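Down below is the structure, laid out as structure tokens.
Just so it is clear, none of the values below were taken in a lab; they were calculated from the coordinates. What you are looking at is a predicted structure, and each value in this text was computed from that prediction instead of being measured. So basically every Cβ, Gly included, is an ideal-geometry build from the backbone, and we count neighbours across all protein chains shown.
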Amino acid sequence: MAKPSPPPRSTTTARERISANLKKLRKARNLSQEELAELGEFHRTYVSQLERCVTNISIDGLERLANALSVDIRELLKPID
């Protein structure tokens, strides 16, 4: 019996997906980076770094961002449209 093929790998990294989804969700809510940073208890420059794909975020930080945006954490990790 043949082994099943592994699922196709995404061409984007988790960091790239978080970056794109974060920016899209923030803009859809008409929030500035500073406003989102305040809601998530982050520094504004950190939100900027996340959106520019410059830095990583912890699972706890990801959860704080999702809560600040009122979305499930999966929304930040979903494939880019």
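Taking Glu63 as the residue in question, decide whether it is assigned to a helix (DSSP H, G or I), in contact (Cβ under 8 Å) with a residue 12 or more places away in the chain and under 10 Å from the mean Cα position of the chain (by Cα). Judged against the criteria, Glu63 is not a match. For the stretch 29-47, a residue qualifies if it is under 19 Å from Ile73 (Cα atoms) and either touching an Asp or Glu at 6+ places or on another chain (Cβ under 6 Å) or among the small types (Gly, Ala, Ser) (or both), and the qualifying residues are Ala37, Gly40. Scanning the stretch 28-48 for residues that are among the β-branched types (Val, Ile, Thr) and touching a Phe, Trp or Tyr at 6+ places or on another chain (Cβ under 9 Å) yields no hits at all.
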